[in-house]
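Asks: To start, I am sharing the structure in question, which I have written as C-alpha cells.
The values are calculated or read from the model by the stated rules, or taken from the named source; none is laboratory data. In this text, all values refer to a predicted model and were calculated from it rather than measured experimentally. Note that we place each Cβ from the backbone using ideal geometry, even for glycine, and neighbour counts take in every protein chain shown.
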Amino acid sequence: MSLFAAAFGFGLVSMSVIALAAVGFTMQFGITNMINLAYGEVMISSAYVAYYINRAGISIWIGMLAGAAFGAVFSFLLNRIVYAPFQRKGTSLLGMVIVSLAVSLMIANLLLPIVSYNSVSYHQSSGGLLRVGGIILTANQIVIIGVAVVVMLGIHGLLTYTRLGKAMRATAANPTLARNCGIPTKRVVDAVWLITGGLCGLAGVVAALNSDSFAIASGAGFLITALAAAVLGGAGQPYGAMIGAVIIGMVTELSAASFSPEYKDVVAFGILVLVMVLRPQGLLAKRGALAAAG
Amino acid sequence: MNTYYAANLLVYAGVDIIACLALNLQFGVSGIVNFSFIVFQAAGAYAAAVLSMPPHTASGYEFQLYVGGFQLPFPLPWIGGALAGGLLSIPVGLVVLRKLRSDYQAIALLVTSIIANTVITNARPFLNGAAGLALVPQPLQDQIDPGTDWYQYFYIGLTAVCVVLVWFVASRIVNSPFGRSLRAMRDHELAASALGKNPVALKMTIFIVGGVIAGLSGAILVGFIMLWAPSVWLFPETIILFAAVIVGGRGNNMGAVLGALLVPVGFEEVTRLLPSEFNMLGFAITPPVGLIPALQWVAIGLLIIGFLWFRPEGVRPEPRHVFDGAPVVPDAPEVELVRTA
C-alpha cells in the first residue's frame, strides 16, 4: 500500500512536469498551427543551460529561470528563422511536421558535441522530506508542484482576463478574421512563441531536476509524454493538456510502481494509441484530429 | 578497392534503393508520412534473422535470448522478412490511417517508431534486447563459403535481383490506374473520395505494400551484416530516407533511386573519406569522437530544410502525367490563389 501512496506522490510531481510541457506544446499547435517536434530538444537544451549555470555554483532556481528565458528566446528565434518563413510560403501542415523533425535532429546533434552522451545531474540537495499520510515528497518536488500550479493559474488568467490572451484565442479560432478585426496577429504569434518557449524551457529544467539524471537522449521521452498529454486532452486545448497531464502523470507513475519503470513511455504511448483509436479528437476538442488537414 | 569493400558499398546501396522506392510509394506517391518506416525494415530483419538462426539453445548461440530459431533454408527467411514487414503494417495502419488527420498520422507514426525501439530494447527474451541478434547465418553459407570473393559477388547479385524486382513493382504501381488513384488521393483526398475512391483502402494497401518491401530490405541487410540490434534502427534512420526521397524527387521512382545514391550512400562514403586528423596551420587537430557523425546528422537536417525551401520538388521532379486527348491549354496564365489562412 505504501508503495502506491509513494507512487501517488510521484504522480503529483510527474503530472506537474508534464503539464508544464504539454500546455506549451498544445498552445503552439492551437494558436500557430505548428506541431513542433523540436519541442523535446528545446526542453533538453534549456535543461543543459540550467546545468551549466548550476555547475558554476549558482542555485538551480536561478538556473531554472535562465532555462525558461533560453527556451523562450530559442523558440522565438526558431519560429522567426525557420517555421514562420515556411508557413508564409504556404508549406502544408505535413511539410511543417517534416521541417520541425529536421530541426529537432539538428538541435540534438549540434548539442551533442557540446554536452556529449554522458548523463549529468544538477548539484542540488533534494531538501527536507515532507510526509503526508504515506506520501513522501522532497522540498524540490514541492517547489515543482508549486511552480506548475502557479504557471497553470497564470495561463488561465492570461487566456481569460488579458487582452493578449483574448487576442491569442481569437488568432487560434480564425487568424484571418482576427487580423481583419485589427488584432496584430504577427505580434500575437511572436508573444505565443515567447510564452510557450518559456514554458518549454521551464518544463525542461523541471523534468531534468525531477529525474535523477538526464542526457541528450532524454529529449525524445520528453516529447512523447508532452505529445501524449496534449493529444489526450485534445490538441490545441490548454485545459485539455492540463487534464491530459494529470491522467498521464498518474497512470505512468502508478504503472511504474506496479510493474516496471522502464515502460513509463510505453504506457504513455498505450494511452496515446487508445485515444487515437477511440476518440481521436481528444477529451476536450470538438474537431481536433478529425478535421481535414489544411 | 577490394571486393569486400565493393560488396559493402553495393549491398548498402541496393538496400537503400529498395527502402527509398518503398518510402517513395508511401510518402511521394500517396502522401503518407511514414515516420516509422525503419520499424518495418527492422521487422523484416528480425524475422529473417530468427527464421534462419538455430534455436537460442544451440551451441554457439547460448549467449543470446530470442524467440524462434527455425534454421530455414535460404529464400524462406527473406520471404518471411517481407511478410513480417507487411503483417506489422496491418495493425499499425488500422490504428493510424483510418480516422486521423494526416499530420496526426505523422506524429503517431513517429511515436510508434520511438516506442517500438524502447520496447525491443527493454524486452530481452524476445529479440535479445539492446544487445541485439548476432551471428545471423548468411544466405546459402553452407553451399558457398562466405569468406570468398565469389560469395560477395553472389550477394551483390541477389541484392541486384531484388532491386530490379522492387523497381518493377514500384513502376507498375506508379503507372497503373491504382497509382493514379493514389496521386489523386494525395493531391486532393476529398475530391478523390467524391469520385468513389476509398482513401482508407488506398492508404492501407500502399502502406502494406511499402511494409513488405521495407521488410525485404531489412532481410537483405541482416543477411549481409549478420547482426541486428535496436541501435541500428533508431528513428533518425527514417529521416535519412526521407531526406533521400525529398532530395531525389517525391513521387518519382528515378528520383528515389537517385536520392538513395546521393544521401545515405553519399554521406557514408564522404564521411569515410574524411581524415581522422586535420592539419591546420601546422597543428594536428583531431576532432572529438562523435563530432563527425553529429555533423552528418546536422547536414541531413539542413539538406531537408534546404530542399523544402529552395527546391521542394527535388532533383528529379515527378513527371506531370498528361494523357493523349487531354485538352491542350496554351500557356494558361498562372492564377495567383489568395490564401485565406
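Asks: Of the numbered conditions (1) away from chain A (no Cβ under 14 Å); (2) of a type outside the set (S, T, N, Q); (3) in contact (Cβ under 8 Å) with a residue 60 or more places away in the chain, B:A58 fails exactly one; give the number of that condition.
Replies: Of everything listed in (1) away from chain A (no Cβ under 14 Å); (2) of a type outside the set (S, T, N, Q); (3) in contact (Cβ under 8 Å) with a residue 60 or more places away in the chain, B:A58 misses just condition (3).
Asks: Sticking with this one: Can B:S171 be described as of a type in the set (S, T, Y), touching a residue at least 60 places away in the same chain (Cβ under 8 Å) and under 17 Å from B:C20 (Cβ atoms)?
Replies: Spelling it out, B:S171 is indeed of a type in the set (S, T, Y), touching a residue at least 60 places away in the same chain (Cβ under 8 Å) and under 17 Å from B:C20 (Cβ atoms).
Asks: Could you figure out which of (1) surrounded by fewer than 22 Cβ atoms within 10 Å (Cβ to Cβ); (2) under 28 Å from B:L158 (Cβ atoms); (3) of a type in the set (S, T, Y) isn't true of B:T118?
Replies: Answer for B:T118: the failing condition is (2).
Asks: Would you confirm, using the coordinates I've provided, whether A:I216 is of a type outside the set (K, R), over 30 Å from A:R80 (Cβ atoms) and either away from chain B (no Cβ under 14 Å) or touching a residue at least 24 places away in the same chain (Cβ under 8 Å) (or both)?
Replies: No; evaluated as a whole, the condition is false for this residue.
Asks: While we're here: Taking the condition surrounded by fewer than 16 Cβ atoms within 10 Å (Cβ to Cβ) and either away from chain B (no Cβ under 13 Å) or free of Cβ contacts under 8 Å to residues at least 12 places away in the same chain (or both), does A:L254 pass?
Replies: When the stated conditions are applied, A:L254 does not pass them.
Asks: With the requirement that a residue be within 22 Å of the chain's Cα centre (by Cα) and surrounded by 15 or more Cβ atoms within 10 Å (Cβ to Cβ), what does the stretch A:133-155 give you?
Replies: Of everything in the stretch A:133-155, those that are within 22 Å of the chain's Cα centre (by Cα) and surrounded by 15 or more Cβ atoms within 10 Å (Cβ to Cβ) turn out to be A:N140, A:Q141, A:I142, A:V143, A:I144, A:I145, A:V147, A:A148, A:V151, A:M152, A:I155.
Asks: Scan A:L232, A:L177, A:L223 and give me the residue that is within 13 Å of chain B (Cβ to nearest Cβ), without any contact (Cβ under 8 Å) to a residue 12 or more places away in the chain and not small (G, A, S).
Replies: One residue alone meets the criteria, A:L177.
Asks: Restricting to the stretch A:181-239, and then to whatever is of a type in the set (A, V, I, L, M, F, W, C) and not in a helix (DSSP H, G or I), can you tell me which residue is nearest to the chain's Cα centre (by Cα)?
Replies: Filtering first and then ranking leaves A:A235.
Asks: Would you please name the residue that is nearest to the chain's Cα centre (by Cα), looking only at residues in the stretch A:70-95 that are in contact (Cβ under 8 Å) with a residue 24 or more places away in the chain, over 13 Å from A:W193 (Cα atoms) and more than 8 Å from every other protein chain (Cβ to nearest Cβ)?
Replies: A:Q87
Asks: Of the conditions (1) more than 11 Å from chain A (Cβ to nearest Cβ); (2) under 30 Å from B:R124 (Cβ atoms); (3) at pLDDT 90 or above, B:L234 satisfies every one except a single condition; which number is it?
Replies: Of the numbered conditions (1) more than 11 Å from chain A (Cβ to nearest Cβ); (2) under 30 Å from B:R124 (Cβ atoms); (3) at pLDDT 90 or above, the odd one out for B:L234 is (1).
Asks: Could you tell me how many of the residues in the stretch B:88-102 are touching a residue at least 12 places away in the same chain (Cβ under 8 Å) and either within 14 Å of another protein chain (Cβ to nearest Cβ) or not small (G, A, S) (or both)?
Replies: Residues that pass the stated criteria total 10.
Asks: Scan the stretch B:6-18 and give yes if some residue there is buried (at least 22 other Cβ atoms within 10 Å of the Cβ) and among the polar types (S, T, N, Q), otherwise no.
Replies: Looking for residues that are buried (at least 22 other Cβ atoms within 10 Å of the Cβ) and among the polar types (S, T, N, Q), one finds none in the stretch B:6-18, hence no.
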